[in-house]
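The numbers here are math on the coordinates, done by the rules we state, and not lab data. This one's a predicted model, so the numbers in the text were calculated from it and none came from an experiment. Glycine gets a Cβ as well: all are built from the backbone with ideal geometry, and neighbour counts include every protein chain shown.
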Amino acid sequence: MSDLAARLSAIDSQIADAARTAGRDAADITRIVVTKFHPASLVRELHALGVRDVGENRQQELEAKRAELQSDSSQDEPALEGLRWHFIGQAQTNKAASIRRNADAVHSVDRIKLADSLHRAAGDAHQDVLDVLVQINLTDDLGRGGVAPDDAQRLAEHILALPSLRLRGVMGVAPLDEAPASAFARLRGVADGIRSLDASATWISAGMTGDFAEAIAAGATHLRIGSAITGPRPDRG
C-alpha cells in the first residue's frame, strides 16, 4: 500500500469511527480531499484510489488543474470519471465566470454580489445548475469570510430566486478560540433555519483534519480534509 493510500485509509477509518459514535452512517458523509498546492497528478492518484470529491481554495489552481487533467485525458491518460470539484476558498466576483466553469459546487457564497456574479456567469441558457452553499462566519471578526449568522437566511432567499444556482446548505470553519463542538452546534442551528426555506438544502460542509469528529457529531455531511491525506504541501519556493 502506498503512503497516500495508507493515509486515505486511516482517515476513512477515523471518519467511520466518528460516525458510529454519533449514531450516523458514514455512507451519508462525503469526504472532500483538499489538494491545495499539490500537482494535478495527485488528483489522478487520488481518483485511482476511489476518491471522487476534491477541493480547491484558489480559482487559478482549480482552473489550471482541470485544464491539465482534461488535456491528459485527450491524449493517453484515462478520463477521471465521476470526479467532482468543490471550490472552498474565498471567491472574488471578477473570478466568478472561471469558478463557475470549473467547479461543480461552490461552498463559499457569502454575499449577494457574489451570488449574482455566479448566476450571470451561467449566460442565458442556464443549462447547468451550480450547487452552492452559504458560507457562515462563525467568528466575531467581520473581516473573515462568511456571512453573519443573522444575515444567512436573507442571502439564502436571494440564492433561491436565482434559477442557475441550487442552494445546497451551509459551510463553516470553527474559530481557533472556540471549542469546535460549540461552533458547529451554532452552524447546525443556521443550517436548520436555511433548511426551513428549502427542505433540499441539507448539506453542512464543516470539519477539517483536527475537528471532523466534532463536525460529524453536529451533523456535517461534507468534510474538507487536506494534508492528513495528501501529505505535506510542496514547497512553493
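Data table
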item	result
The stretch 20-73-the stretch 128-161 distance, computed between alpha-carbon centres (Å)	24
Percent RCO, i.e. relative contact order, over the stretch 2-130, from Cα pairs under 8 Å lying at least 6 residues apart	18
Of every Cα-Cα pair in the chain, the percent that sits beyond 29 Å	26
Three-way shape call for the stretch 15-148 based on the alpha-carbon gyration tensor, with the a/c threshold at 1.5	oblate
Relative contact order (percent, whole number), the stretch 97-180, Cα cutoff 8 Å, 6+ residue spacing	34
R0 of 45 Å, Cβ-Cβ distance R120-D72: FRET efficiency to nearest 0.05	0.90
Taking the convex hull of Cα positions in the stretch 124-176, its mean projected area over all directions (nm²)	4.3
Helical segments meeting 20 Å axial Cα length and Kyte-Doolittle -0.5 threshold in the chain (DSSP H)	3-21, 180-195
Charge context of L187, other residues only, Cβ under 12 angstrom, K/R +1, D/E -1	-2
At 1.306 mPa s and 10 °C, Stokes D of the stretch 103-237 from Kirkwood alpha-carbon radius, µm² per second	103
The chain: calculated mean residue ellipticity at 222 nm from DSSP helix runs of at least 4, using -39500 (n - 2.57)	-12000 deg cm²/dmol
Within-10-Å neighbourhood charge of V147 [Cβ basis; K, R +1; D, E -1]	-1
Under 18 Å from the Cα of K65 - aspartates and glutamates, other chains or at least 8 residues apart	E45, D53, E56, D76, E77, E81, D104, D235
10 Å binning of all Cα-Cα separations within the stretch 45-84, expressed as whole percents from 0 upward	27, 58, 15
All-pairs Cα distance distribution in the stretch 92-143, expressed in whole percent, bin size 10 Å	24, 54, 18, 5, 0
